[in-house]
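Structure first, commentary second.
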Amino acid sequence: FPKGSPLVQDISSAIMRLREEEKLQLMENKWFRSTKSIFTDQDTRSNPSRLNLHSFGGLFLVTGISSTSALLLCLFQKTRAIII
């Protein structure tokens with residue numbers, strides 16, 4: 001908050017009240033000290049698929065079309081400049 005903000009007193013009071021009621025500690029334990037892993041529900045037998053050349057097919061297609069379009073546009077402009 002900026003210096004002298006009227007919100008500082010309200011927020012400080014709210015934090016102090018949460019600390020006195022021990023709700024602040026409960027929230028901290030719940031959100032930051034959880035021992036349960038988010039990965040425990042996943043099937044450990046399944047293997048993730050590996051990336052291969054086929055996985056990047058769409059990327060290569062878009063890159064190829066963009067590069068070819070840029071080259072053709074450049075050649076068209078140079079040819080047009082030579083003719084004029």
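Brief remarks on what is shown
- Condition met for Ser5 (surrounded by 10 or more Cβ atoms within 10 Å (Cβ to Cβ) and modelled with pLDDT under 85): no
- Only one of the numbered conditions (1) modelled with pLDDT under 85; (2) in a helix (DSSP H, G or I); (3) of a type in the set (Gly, Ala, Ser) is violated by Ser34, and that is (2).
- Looking only at the range 8-31, residues that are in a helix (DSSP H, G or I) and either touching a residue at least 24 places away in the same chain (Cβ under 8 Å) or open to solvent by 90 Å² or more (accessible area, probe 1.4 Å) (or both) come to 10 in all.
The values are calculated or read from the model by the stated rules, or taken from the named source; none is laboratory data. What you are looking at is a predicted structure, and each value in this text was computed from that prediction instead of being measured. Note that we place each Cβ from the backbone using ideal geometry, even for glycine, and neighbour counts take in every protein chain shown. These area figures cover heavy atoms from the full protein model, side chains too; ligands, DNA and RNA do not enter into them. Shrake-Rupley method; radii C 1.70, N 1.55, O 1.52, S 1.80 Å.
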